[in-house]
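> My questions will all concern the structure given below.
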Amino acid sequence: MATLTTSSKRPYHIIVFGATGFTGQFVVEEVARTCTEGPGGLLQWAVAGRNRDRLEKTLIQAADALCKPELKCVEVIVADVAEPESLAIMCKQGFIVLNCVGPYRFYGEPVVKACIENGAHCIDICGEPQFLEGIQLKYHSKAQENGVYIIGSCGFDSIPADMGILYTQNHFKGTLTAVESFLTINTGPEGGCAHDATWQSAIFGFADSASLRRIRKKFGHKPLPTGGARIKKRGAVFFTKEIEQYAVPFMGSDPSVVRRTQRYMHEEHNHCPVQYMAYVGIGGPFSVVKTLFAGVLFWFMVKFSFGRGLLTQFPAFFSFGLFSKSGPSRKQMDGTSFCLRFMGEGYTTGQDPSLGKPNATINTEITGPEPGYIATPITMVQAAITLLNEPHCLPDKGGVFTPGSAFARTTLIERLNKHGVQFSLKSGQ
């Protein structure tokens with residue numbers, strides 16, 4: 001692919017769509033911080049959304065927060081998911097659209113369609129498996145024909161998990177066959193929470209889980225081969241020495257995204273697929289009781305429209321403060337960090353995975369700032385910067401990709417290391 005050079009017909013490297021949203025405003029700030037990282041050391045960009053006044057206000061807020069008055073002059077594009085013509089006009093002006101408008105199950109497809117039809121690559125921060133896999137099923141061939149890259153889950157869901165598995169594989173001297181990950185999130189004295197847009201995505205995702213099964217049936221995939229010993233599933237709640245606290249299965253999109261990447265790497269490059277299980281730490285015994293109660297209540301209420309209405313209307317109450325309509329404050333975000341540990345096992349070079357138990361282990365780790373609104377903008381923007389600067393390292397044709405399948409041969413991990421999302425080898429090989 002040729003270098004992505006702006007012109008009068010396509011003047012912007014990046015367009016941030018949904019810039020006035022809670023996450024979008026932080027993506028705007030992150031793009032502003034990386035203006036020297038575009039092709040040739042210069043990044044041309046614009047913001048887009050439904051309301052010009054709100055977009056201009058977002059730019060003023062970013063200018064004040066970063067002490068960059070020049071941000072007030074960034075171009076504003078008015079576009080609305082309900083108006084396909086406005087999306088087409090937006091997509092024709094940029095090389096990459098950073099789509100921050102969610103929940104994606106309601107608002108994502110028109111953006112993908114407009115990008116493919118008008119030659120703009122699309123990067124999102126979706127954590128909704130139904131949307132991600134449905135888009136791959138419906139649009140992969142068309143995106144391939146048009147040479148357009150649609151790369152989903154480029155936020156905290158799921159760049160750390162997906163690229164973390166590839167990082168662990170690359171540092172394992174032999175055949176890595178299984179990995180467990182353990183996520184811990186540490187908050188400061190101000191505490192922490194997430195914005196209710198994520199909560200809404202979870203509500204409607206769990207309520208419509210049957211559609212994901214239907215989508216997967218339509219793919220008609222054969223089961224991936226299992227190299228070596230089969231990974232054992234942990235319980236619904238368990239104490240783990242790896243993080244010295246109780247843990248539960250991670251209910252986000254990471255397992256889905258990692259499986260899709262592993263399938264791609266196996267089918268396209270004949271790599272041995274890695275089995276993957278993801279868990280998240282929840283704390284001590286009191287947290288276990290609270291989590292179980294909230295989980296049972298959530299599962300019951302999402303089954304009914306009345307229950308979903310209550311969950312949507314009162315996120316802080318039903319999530320015990322984990323989600324709120326106002327989202328976290330900047331002080332809360334500044335005091336929050338994450339650690340994602342990977343515990344892998346496999347077979348050293350020369351050992352046959354079909355014979356006996358794994359004979360080698362490896363532990364890697366990713367650490368970073370607050371995951372939802374600091375790390376997510378970093379990973380999203382660096383994914384775009386990588387696409388702009390290293391298009392020759394992406395898959396030969398366009399299509400709908402996971403982060404791992406798109407960026408496996410790029411320097412994305414090195415770029416993230418420079419921006420505070422740190423990948424490191426802790427022990428083992």
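The values are calculated or read from the model by the stated rules, or taken from the named source; none is laboratory data. Because the structure is a prediction, the values reported are computed rather than measured. Counting neighbours? That spans all protein chains shown, and the Cβs are built from the backbone with ideal geometry, glycine included. These area figures cover heavy atoms from the full protein model, side chains too; ligands, DNA and RNA do not enter into them. Shrake-Rupley method; radii C 1.70, N 1.55, O 1.52, S 1.80 Å.
To keep it simple, each residue is scored yes or no on (1) among the basic types (Lys, Arg); (2) within 22 Å of LEU132 (Cα to Cα); (3) at pLDDT 95 or above.
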residue	(1), (2), (3)
GLN382	no, yes, yes
GLY398	no, yes, yes
PHE401	no, yes, yes
LEU412	no, yes, yes
LYS418	yes, no, yes
GLY428	no, no, no
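> Follow-up. Determine, yes or no, whether ALA360 is touching a strand residue (DSSP E or B) at 6+ places or on another chain (Cβ under 7 Å), of a type in the set (Gly, Ala, Ser) and within 30 Å of HIS121 (Cα to Cα).
Numbers: touching a strand residue (DSSP E or B) at 6+ places or on another chain (Cβ under 7 Å): yes; of a type in the set (Gly, Ala, Ser): yes; within 30 Å of HIS121 (Cα to Cα): no.
Taking the combined requirement at face value, the residue does not satisfy it.
> State whether the residues of the stretch 298-318 include one that is among the polar types (S, T, N, Q), closer than 28 Å to PHE17 by Cα and open to solvent by 50 Å² or more (accessible area, probe 1.4 Å).
Filtering the stretch 298-318 for residues among the polar types (S, T, N, Q) gives 305, 312-313.
So of that shortlist, the ones also closer than 28 Å to PHE17 by Cα come out as 312-313.
Subsequent filtering for residues that are open to solvent by 50 Å² or more (accessible area, probe 1.4 Å) retains 313.
Yes, the stretch 298-318 has at least one match.
> A further question on this structure: Tell me yes or no: at least one residue of the stretch 132-142 is buried (at least 24 other Cβ atoms within 10 Å of the Cβ), touching an Asp or Glu at 6+ places or on another chain (Cβ under 6 Å) and either assigned to a strand (DSSP E or B) or in contact (Cβ under 8 Å) with a residue 40 or more places away in the chain (or both).
no
> Would you call ARG341 closer than 19 Å to VAL280 by Cβ, modelled with pLDDT of 95 or more and open to solvent by 50 Å² or more (accessible area, probe 1.4 Å)?
It is true that ARG341 is closer than 19 Å to VAL280 by Cβ, modelled with pLDDT of 95 or more and open to solvent by 50 Å² or more (accessible area, probe 1.4 Å).
> Quickly run through the stretch 64-82 and pick out the residues that are of a type in the set (A, V, I, L, M, F, W, C), open to solvent by 70 Å² or more (accessible area, probe 1.4 Å) and over 17 Å from PRO11 (Cβ atoms).
Once the filter is applied, which keeps residues that are of a type in the set (A, V, I, L, M, F, W, C), open to solvent by 70 Å² or more (accessible area, probe 1.4 Å) and over 17 Å from PRO11 (Cβ atoms), the stretch 64-82 yields CYS67, ALA82.
> Tell me whether the stretch 359-371 contains one or more residues that are at pLDDT below 95, of a type outside the set (A, V, I, L, M, F, W, C) and surrounded by fewer than 22 Cβ atoms within 10 Å (Cβ to Cβ).
Yes: the stretch 359-371 contains one or more residues that are at pLDDT below 95, of a type outside the set (A, V, I, L, M, F, W, C) and surrounded by fewer than 22 Cβ atoms within 10 Å (Cβ to Cβ).
> Please name all residue pairs, on different chains or six or more residues apart, with Cβ atoms under 7 Å, provided the first residue is in the stretch 355-376 and is in contact (Cβ under 8 Å) with a residue 24 or more places away in the chain and the second residue is surrounded by fewer than 22 Cβ atoms within 10 Å (Cβ to Cβ) and assigned to a loop (DSSP other than H, G, I, E, B).
Here the result reads LYS357/ALA229; PRO358/ALA229; ALA360/GLN429; ILE362/GLN429; GLY368/GLY420; PRO369/GLY420, each pair linking the stretch 355-376 to a residue that is surrounded by fewer than 22 Cβ atoms within 10 Å (Cβ to Cβ) and assigned to a loop (DSSP other than H, G, I, E, B).
> With the requirement that a residue be open to solvent by less than 10 Å² (accessible area, probe 1.4 Å) and either more than 18 Å from ILE374 (Cβ to Cβ) or over 17 Å from the mean Cα position of the chain (by Cα) (or both), what does the stretch 406-429 give you?
To start, the set of residues in the stretch 406-429 that are open to solvent by less than 10 Å² (accessible area, probe 1.4 Å) comprises 406-407, 412, 416, 421.
Of everything in the stretch 406-429, those that are open to solvent by less than 10 Å² (accessible area, probe 1.4 Å) and either more than 18 Å from ILE374 (Cβ to Cβ) or over 17 Å from the mean Cα position of the chain (by Cα) (or both) turn out to be ALA406, PHE407.
> Say we look at the stretch 210-228 and pick out the residues that are part of a helix (DSSP H, G or I) and free of Cβ contacts under 8 Å to residues at least 12 places away in the same chain; which of these is most open to solvent (accessible area, probe 1.4 Å)?
LYS217
> Taking TYR246 and the conditions (1) open to solvent by 60 Å² or more (accessible area, probe 1.4 Å); (2) touching a helix residue (DSSP H, G or I) at 6+ places or on another chain (Cβ under 9 Å); (3) not in a strand (DSSP E or B), which numbered condition does it fall short on, given that it satisfies the others?
Only one criterion in (1) open to solvent by 60 Å² or more (accessible area, probe 1.4 Å); (2) touching a helix residue (DSSP H, G or I) at 6+ places or on another chain (Cβ under 9 Å); (3) not in a strand (DSSP E or B) is unmet by TYR246, namely (3).
Listed here are the residues, each with its yes/no results for (1) outside any helix (DSSP H, G or I); (2) out of contact with any helix residue (DSSP H, G or I) (no Cβ under 9 Å at 6 or more places or on another chain); (3) over 26 Å from GLY94 (Cα atoms).
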| position | (1), (2), (3) |
| --- | --- |
| THR361 | yes, yes, yes |
| GLY368 | yes, no, yes |
| GLY372 | no, no, no |
| VAL381 | no, no, no |
| ILE385 | no, no, no |
| HIS392 | no, yes, no |
| LEU416 | no, no, no |
| GLY420 | yes, no, yes |
| LEU425 | yes, no, yes |
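> Select from the stretch 88-109 the residues that are of a type outside the set (A, V, I, L, M) and part of a loop (DSSP other than H, G, I, E, B) and write down the one among them that is most open to solvent (accessible area, probe 1.4 Å).
By that ranking, first place goes to LYS92.
> Looking at GLY174, GLY220, which one is out of contact with any strand residue (DSSP E or B) (no Cβ under 7 Å at 6 or more places or on another chain) and not basic (Lys, Arg)?
Result: GLY220 is the single residue among GLY174, GLY220 that is out of contact with any strand residue (DSSP E or B) (no Cβ under 7 Å at 6 or more places or on another chain) and not basic (Lys, Arg).
> Here is a list: GLU29, GLU85, GLU56. Which entry is within 28 Å of TYR104 (Cα to Cα), assigned to a helix (DSSP H, G or I) and open to solvent by less than 40 Å² (accessible area, probe 1.4 Å)?
GLU29
> Applying the selection to the stretch 281-297, what residues are open to solvent by less than 30 Å² (accessible area, probe 1.4 Å) and either under 20 Å from PHE204 (Cβ atoms) or aliphatic (A, V, I, L, M) (or both)?
Matches in the stretch 281-297: VAL288, ALA294, GLY295.
> If I filter the stretch 156-164 for residues that are in contact with a strand residue (DSSP E or B) (Cβ under 8 Å, 6 or more places away or on another chain) and over 19 Å from ILE362 (Cα atoms), do I get at least one hit?
Checked against the condition, which is being in contact with a strand residue (DSSP E or B) (Cβ under 8 Å, 6 or more places away or on another chain) and over 19 Å from ILE362 (Cα atoms), the stretch 156-164 yields at least one hit.
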